[in-house]
Amino acid sequence: MHEITLEDLKMIIIALFRNKLLITLFTIAGLCAGFLYYARQPVAYIYNATATVSVVFDINSNQGQISSIDIIANYAEIITSDRVCEYAAELLKDEDIVAEQIRNMISTATRTNSYMLRITARNQSPRLAILVANAVAQSFVTQVSVITGNDSIQVLDPAKRTGMISSGRNSMIRLIAPVGAFGAACLLVAVMELSIGKLRSVKQCVTDIGELLVVIPKARKKK
């Protein structure tokens, strides 16, 4: 197996510069292919819907001694529990959706010094996103009520509308395709340069230049 030397690397770099037009054409072709593939991808928009729940304190209860932020932070973990998601699935039994799908659709968010917890559902169907957000909010309120024995948490604003957050197109292909084409062109040039078997420098013949007696250059005959 041929061992690649420093001299080979120099020859490869020279070959890359010599074939820069070919490499450029490969890169442009990759860029065009990436944009064509991107344009042909079906557009699948993702929608989100958000329902808001709030903490309401009874000053005569023990909860009055705990800040609402601490309570919301503790209860937020319950939202993705099996109990909440399974009950939400029961509320949506006509939609043929299971608890695991609901868990993957929802996320939560809180704000500092806020009494509210936002429950957001994402789906390609705006209708289903609204239904899931509201079902999880209602399930969360119901399960907390069962656990704590009071109704300190209520649905403040149910989800009524959706927002579009992204499309299903993979935009990275527009960058990956030209980069891949550029790399493939460079690799092709390097392989061709190493496989030619042509001597391009004295250092490819001897390791010690003192061993060389004479170099006979190849000259082209003038016409």
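Coordinate-derived values only; no laboratory data. Note that this is a predicted model, so its numbers are computed, not measured. Cβ coordinates were reconstructed from backbone atoms using ideal geometry, including for glycine residues, and neighbour counts include every protein chain displayed.
Convert each backbone phi in region 30-37 into a coupling constant with the Karplus relation 6.51 cos²θ - 1.76 cosθ + 1.60 (shift: θ = phi - 60°), then list the ³J(HN,Hα) values in order as whole Hz, x for Gly and Pro.
x, 4, 5, 5, x, 5, 5, 5
What residues qualify as long-range amide H neighbours of Q41, i.e. H under 5 Å apart, gap of 5 or more or another chain, H built at 1.01 Å from N?
Those lying under 5 Å, H to H, from Q41: there are none.
What is the Cα centroid distance between region 1-52 and region 130-165, reported in whole angstrom?
A separation of 47 Å, based on Cα centres.
Treat the count of other C-beta atoms within 10 Å as a stand-in for reagent exposure and order S125, S54 from fewest to most.
S125, S54
What is region 113-193 by shape, rounded, prolate or oblate, if you read a ≥ b ≥ c off the alpha carbon gyration tensor as root eigenvalues and call it rounded for a/c under 1.5, prolate for a/b larger than b/c, and oblate otherwise?
prolate
Tell me the label-point distance for the pair L25, K160, using the 7 Å Cα-to-Cβ offset, in nm and rounded to one decimal.
Computed distance between label sites L25 and K160 equals 6.2 nm.
Report the full-extension gain for the segment T5 to T110: residue separation times 0.36 nm, less the Cα-Cα distance, to one decimal in nm.
Stretched out fully, the T5 to T110 stretch lengthens by 31.8 nm.
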